[in-house]
Amino acid sequence: MCSWCWGFSPVITRLKKEFGDKLNISLNLGGLRPGTTEAITPVLRDEILHHWHDVHHMTDQTFQFDGAMPEGFVYDTEPASRAVLCMGKLQPSDTLAYFSAIQSAFYTQGKDVTQQDVLTELTDLFSIDTEKFQALLNSEEMRTLTREHFKRSHQAGVRGFPTLIWQQEKEIETISTGYIAWDRISEILKSRLPK
């Protein structure tokens, strides 16, 4: 759950729409704060909200600032990441849309997307069998897959979010780290595609 990734959500949705027939676009989760067990402090909350304001001003994405991350909130990004991977396994075509739904629930509605019931409720938008989803969400298979995603991001040199990586065969190259506007992304991708 990265605020800049939420700001980037319309860009990545458009990228998939406009380049999806030319590129194999996949989502690899990086694990911003996986496994966090301590509640955020008021100082950390203020720092995070400062970033949210920056994202809002740069991207126009909506945020609910009042009441966000209430006292006692544990900012563990692993459950939401695991839920996205579950959607990818059950209904791959909706993975990106489900990811965006989780982001929207957290950033615009103040929902606690570290909680299984919230993550499951969001599957209602996609006609997923909730029992299958919950069983998969709680499986060791998905916990392992989630850790593998985080490890792969780290091995690819990802140190900031969002990051776009161009991969051909085994060669990988970072195209962008952090938020980048659609016009620039489009220009970069068009320059790499065969004419």
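Against the condition under 26 Å from residue 133 (Cα atoms), among the polar types (S, T, N, Q), in contact with a helix residue (DSSP H, G or I) (Cβ under 6 Å, 6 or more places away or on another chain) and buried (at least 20 other Cβ atoms within 10 Å of the Cβ), how does residue 3 come out, does it pass? Considered against the rule, which asks whether it is under 26 Å from residue 133 (Cα atoms), among the polar types (S, T, N, Q), in contact with a helix residue (DSSP H, G or I) (Cβ under 6 Å, 6 or more places away or on another chain) and buried (at least 20 other Cβ atoms within 10 Å of the Cβ), residue 3 comes out as yes. One residue is enough: does segment 161-177 have a residue meeting the conditions closer than 17 Å to residue 32 by Cα, of a type outside the set (Val, Ile, Thr), part of a loop (DSSP other than H, G, I, E, B) and out of contact with any Gly (no Cβ under 6 Å at 6 or more places or on another chain)? Yes, there is a match, as at least one residue in segment 161-177 is closer than 17 Å to residue 32 by Cα, of a type outside the set (Val, Ile, Thr), part of a loop (DSSP other than H, G, I, E, B) and out of contact with any Gly (no Cβ under 6 Å at 6 or more places or on another chain).
So if I check each of 140, 121, which one is within 25 Å of residue 52 (Cβ to Cβ) and out of contact with any Asp or Glu (no Cβ under 8 Å at 6 or more places or on another chain)? The unique qualifying residue is 121.
Flag: residue 14 does not match the condition of being without any contact (Cβ under 8 Å) to a residue 60 or more places away in the chain and either touching a helix residue (DSSP H, G or I) at 6+ places or on another chain (Cβ under 6 Å) or over 15 Å from residue 104 (Cβ atoms) (or both). Scanning segment 19-45 for residues that are touching a residue at least 24 places away in the same chain (Cβ under 8 Å), closer than 25 Å to residue 157 by Cβ and exposed (fewer than 13 other Cβ atoms within 10 Å of the Cβ) returns 22, 35. A count restricted to segment 114-137 and to residues that are over 28 Å from residue 20 (Cα atoms) and of a type in the set (A, V, I, L, M) stands at 2.
Do we have residue 94 as surrounded by fewer than 21 Cβ atoms within 10 Å (Cβ to Cβ), without any contact (Cβ under 8 Å) to a residue 40 or more places away in the chain, under 16 Å from residue 130 (Cα atoms) and over 12 Å from the mean Cα position of the chain (by Cα) here?
On the way: surrounded by fewer than 21 Cβ atoms within 10 Å (Cβ to Cβ): yes; without any contact (Cβ under 8 Å) to a residue 40 or more places away in the chain: yes; under 16 Å from residue 130 (Cα atoms): yes; over 12 Å from the mean Cα position of the chain (by Cα): yes.
Yes: the conditions hold for residue 94.
Of all residues in segment 16-65, those satisfying the criterion of being more than 19 Å from residue 99 (Cβ to Cβ), part of a loop (DSSP other than H, G, I, E, B) and within 18 Å of the chain's Cα centre (by Cα) are 35, 36, 60.
Within segment 123-140, identify whether any single residue is closer than 25 Å to residue 72 by Cα, surrounded by 12 or more Cβ atoms within 10 Å (Cβ to Cβ) and of a type in the set (Gly, Ala, Ser), and answer yes or no.
Taking segment 123-140 and keeping what is closer than 25 Å to residue 72 by Cα, we get 134, 137-138.
Checking which are surrounded by 12 or more Cβ atoms within 10 Å (Cβ to Cβ) leaves us with 134, 137-138.
If we keep only those that are of a type in the set (Gly, Ala, Ser) as well, we get none.
No; the residues of segment 123-140 include none that is closer than 25 Å to residue 72 by Cα, surrounded by 12 or more Cβ atoms within 10 Å (Cβ to Cβ) and of a type in the set (Gly, Ala, Ser).
One residue stands out among those in segment 97-122 that are in a helix (DSSP H, G or I) and among the charged types (D, E, K, R): the one that is surrounded by the fewest Cβ atoms within 10 Å (Cβ to Cβ), which is 117. Considering only residues in segment 46-72 that are in contact with a helix residue (DSSP H, G or I) (Cβ under 6 Å, 6 or more places away or on another chain) and closer than 14 Å to residue 8 by Cα, the one that is surrounded by the fewest Cβ atoms within 10 Å (Cβ to Cβ) turns out to be 62.
All of 85, 119, 90 fail the test of being touching a Lys or Arg at 6+ places or on another chain (Cβ under 7 Å), at pLDDT 95 or above and within 26 Å of residue 26 (Cβ to Cβ), apart from 90.
The values are calculated or read from the model by the stated rules, or taken from the named source; none is laboratory data. All figures in this text were calculated on a predicted structure; none of them were measured in a lab. Note that we place each Cβ from the backbone using ideal geometry, even for glycine, and neighbour counts take in every protein chain shown.
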